[in-house]
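The values are calculated or read from the model by the stated rules, or taken from the named source; none is laboratory data. In this text, all values refer to a predicted model and were calculated from it rather than measured experimentally. As a convention, Cβ positions derive from the backbone with ideal geometry for all residues, glycine included, and neighbour counts pool all protein chains shown. All accessible areas refer to the heavy atoms of the entire protein, side chains included, with ligands and DNA or RNA removed. Shrake-Rupley method; radii C 1.70, N 1.55, O 1.52, S 1.80 Å.
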Amino acid sequence: QLSESGGGLVQAGGSLRLSCAASGPPFSSYVMGWFRQAPGKERNFVAAISWGGDSSDYADSVKGRFTISRDNTKNTAYLQMNSLKPEDTAVYYCTASRIFGVRTANGYDSWGQGTQVTVSS
């Protein structure tokens, strides 16, 4: 079970940090990822981090601005979002997979309920 928090309203250029708390199977056995979905659009890959946190993958649109991390002792994954833009506005979902390198939603097994991020111009 995954539960996101940390969303909110922020001005362009600002920062937010999303958290994803996990319960259930061993957290360290899962790749953790973040996707986002804007109104009327598909759910798109944002970032993923490997089981131990030594590898990460980012969508081109967020590379250099967002950082994914995890703390396996706390069963929590994070998404630090800096230099936010209005086009980052979306519902952000935390997700888990057994495989690293997957960028499609159907490659992930579990999903949180989502947290809204709104960036004003």
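Using heavy-atom solvent-accessible surface (probe 1.4 Å) with all chains present, what is the largest-first order of Phe45, Phe35?
Phe45, Phe35
May I ask you to list the lysines whose Cα is less than 26 Å away from that of Lys85, ignoring any residue fewer than eight positions away on the same chain?
Partners found: Lys41, Lys63.
Based on the Cβ-Cβ distance of Ser120 and Gln80, what FRET efficiency does E = 1/(1 + (r/R0)^6) give at R0 = 22 Å, to the nearest 0.05?
0.70
Report ³J(HN,Hα) in whole Hz for each residue of the range 104-112, in order, from the Karplus equation J = 6.51 cos²θ - 1.76 cosθ + 1.60 where θ = phi - 60°; Gly and Pro get x.
10, 4, 6, x, 10, 9, 10, 9, x
Two-decimal Rg/Rh of the range 1-51 from alpha-carbon positions, Kirkwood Rh?
On the Cα set of the range 1-51, Rg over Rh gives 1.01.
Over the Cα atoms of the chain, Rg to Rh with Kirkwood Rh, two decimal places?
0.94
Using the crude model of +1 on Lys and Arg Cβ and -1 on Asp and Glu Cβ, and no other charge, please compute the dipole size for the chain relative to its Cα centre, in debye to 20.
Here the size comes out at about 60 debye.
What is the local net charge at Glu42, summed over the other residues whose Cβ is closer than 15 Å to its Cβ (Lys, Arg +1; Asp, Glu -1)?
Residues near Glu42 contribute +3 overall.
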